[in-house]
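Values in this text are rule-based calculations from the coordinates and carry no lab data. Bear in mind the structure is a predicted one, so any value in this text is a computation, not a measurement. Neighbour counts are summed over all protein chains in view; Cβ atoms, including those assigned to glycine, are modelled from backbone coordinates with ideal geometry.
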Amino acid sequence: MAHIHEKIDFTVAIFIVHAEKILLIHHRKLAKWLPLGGHIELDEDPEQAALREAKEESGLDVELLGERPPTTSPGTRALIAPRFLDIHRISDTHEHIGLIYWARPKHSTAVTLAPTEHHAIRWCSRAELEQLSPPMTDAVKWYCHRALAEIS
């Protein structure tokens, strides 16, 4: 996990949708239902971080959804823009700038639990989002509903 500064880090969150369900993990350390995601390492760009985190945390190869502008000059590589950005407090002295992506599985939808990081991993329908225990935060639930509406 890369820390670029004691006060702030950049992270990715990947909301993966398939067959009108969204993939969520129950985070072991935070004891919350969340999308896949994590820190952007110092040697990678946000797209690489999102693809790596999806693979590490679920076993899935995913396609990030969004617009990639054309490259206009040598030495420039356009990136898929995140769907949303946020900043969220981790502690009294540390924050994360979150790049929030929508994605689809490329092939299989069979997932693998990362037991050192998560208690559970599951595909959830809209109705199941309301029944998770512990309940999801309003912000995460909003992103889930928005991803389901835009991708399904």
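Please sort by residue number the trypsin sites (Lys or Arg not before Pro) in the stretch 1-45 whose DSSP state is loop and whose Cβ has at most 11 other Cβ atoms within 10 Å. Passing both the DSSP loop test and the Cβ count: LYS7, LYS29. Most simply put, the stretch 8-151 has about 75% antiparallel DSSP beta bridges, counting only bridges with both residues inside it.
If each residue's Cβ is checked for other Cβ atoms within 10 Å, how do SER152, SER73 rank with the fewest at the top?
With the fewest neighbours first, SER152, SER73 line up as SER73, SER152.
If you take the square roots of the eigenvalues of the alpha-carbon gyration tensor of the chain and sort them as a ≥ b ≥ c, do you get rounded (a/c under 1.5), prolate (a/b over b/c) or oblate? The shape class here is oblate.
Across the stretch 122-132, rounded Karplus estimates of 3J(HN,Hα) from the backbone phi angles (6.51 cos²θ - 1.76 cosθ + 1.60, θ = phi - 60°) give 7, 7, 10, 7, 4, 5, 5, 4, 7, 10, 5 Hz, Gly and Pro being marked x.
What whole-number distance in Å separates the alpha-carbon centres of the stretch 11-66 and the stretch 104-152? If you average the Cα positions of each part, the centres end up 10 Å apart.
Under 19 Å of direct C-alpha separation, and excluding same-chain neighbours fewer than eight residues apart, LYS141 reaches these lysines: LYS21, LYS32.
Fewest neighbouring Cβ atoms within 10 Å first, the residues LEU30, LEU148, LEU24 line up as LEU30, LEU148, LEU24. Residue exposure proxy: VAL12, VAL111, ordered by other Cβ atoms within 10 angstrom of their Cβ from fewest to most, comes out as VAL111, VAL12. Suppose R0 equals 30 Å. What FRET efficiency, 1/(1 + (r/R0)^6) with r the Cβ-Cβ distance, do ILE90 and ALA114 give to the nearest 0.05? Once rounded, the FRET efficiency stands at 0.90. In this structure, the amide hydrogen of LYS32, modeled 1.01 Å from its nitrogen in the peptide plane, lies closer than 5 angstrom to those of HIS27, counting only residues at least 5 positions away or on a different chain. Our summary of shape: the Cα atoms of the stretch 101-148 have principal axis extents of 27, 24, 19 Å, ordered from largest down, in whole angstrom. Contact order, relative form, for the chain: 33 percent (alpha carbon pairs under 8 Å, 6 or more residues apart, mean separation divided by residue count). Judged by the mean number of other Cβ atoms found within 10 Å, the most tightly packed of the peptides 129-141, 33-45, 58-70 leads the ranking 33-45, 58-70, 129-141.
Remark on ILE8: its backbone amide H falls under 5 Å from those of GLU95, a criterion applied only to residues 5 or more positions apart or on other chains, H modelled at 1.01 Å from N.
Derived scalar couplings between HN and Hα for the stretch 50-61 equal 5, 5, 5, 4, 4, 5, 4, 8, 9, x, 8, 8 Hz in order, rounded to whole Hz, by the Karplus curve 6.51 cos²θ - 1.76 cosθ + 1.60 (θ = phi - 60°), x for Gly and Pro.
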